[in-house]
Structures are given as structure tokens and as C-alpha cells.
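Here the structure is laid out as C-alpha cells; the discussion comes afterwards.
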Amino acid sequence: MADFLTPLANFIDNTHLVEQIRDVDTVGLFTNPWFLVPFLAQVGWWLYKQAINSLVCTGLAIGVWFFTGTPYAKGLVINGEIQAGKILPVAGVGIAVLIVLIYIFFIRSD
């Protein structure tokens, strides 16, 4: 299994994928028509097809992505140490997201 993951890890390291995702200009992305028009078309298609699972997963992904850019999330690690007083709400939100995903995919499957 490690033989399979090594080229993938090398690809991610060589392309600096994590840094690229971290440095995304959110305001610029959601005001760029080359992103916004296809994104809204996809969301409109999901609404038309009543694909609630896809809409909820997209909303959760955007919400978590937005949260990671907030000052609260950036203050979780200071000087390489996790702030214990701030970790409980983050864990609660993470558990809530997992509960929603488990409900959507396993309990309320169409």
C-alpha cells in the first residue's frame, strides 16, 4: 500500500497543492464569472434534480473551508502549540459535520 501512496504524496509535494489551496483568494473566486457561472449552474441543476445530498455536501465543504480562514481557526495554533481552550468548539463542529454526513449517506439514503 505504501508503494501506491508514495507517488501520490510526491505529486502533492511537487505541485505544492496544499499551499495552493491555502492561498486561494475566496472573494476573487466567488466574484470570478469563470468560476461563478458553472458553479451556480451546477447548484441550479442539483436543485432541479432535487439532489439534496449533493447540495448539503457542497454547503458543508464551503462552510468548513470558510471556517478554516477565520481568525478563530487561525488562532488555534500559536507558536506550534494547540490552544486547549479553543479546541472543544472546533471538535463539536467537526462531530456535527460527521453526524450530518452519516445521516445523509447511511441513514437517509435514497
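Since every read-out is calculated from the coordinates, none of them should be taken as a lab result. Computed from a predicted structure; not experimentally measured. All Cβ positions, glycine included, derive from the backbone under ideal geometry; neighbour counts span all protein chains shown.
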Taking only the C-alpha atoms, wrap a convex hull around the chain and report its volume per residue in Å³ as a whole number. 180
Computed label-point distance, nm, for sites VAL93 and VAL18 using a 7 Å Cα→Cβ extension: 2.0
Can you name the helices of the chain, as whole DSSP H runs, whose Cα span along the helix axis is 18 Å or more and whose Kyte-Doolittle mean is not below 0.5? 33-49, 52-68, 84-102
Calculate, in nm to one decimal, what PHE4 and ALA41 gain on full extension: separation in residues at 0.36 nm each, minus their alpha carbon distance. 9.7 nm
What value does segment 54-110 have for Rg/Rh, both radii from Cα atoms and Rh as Kirkwood defines it? 1.09
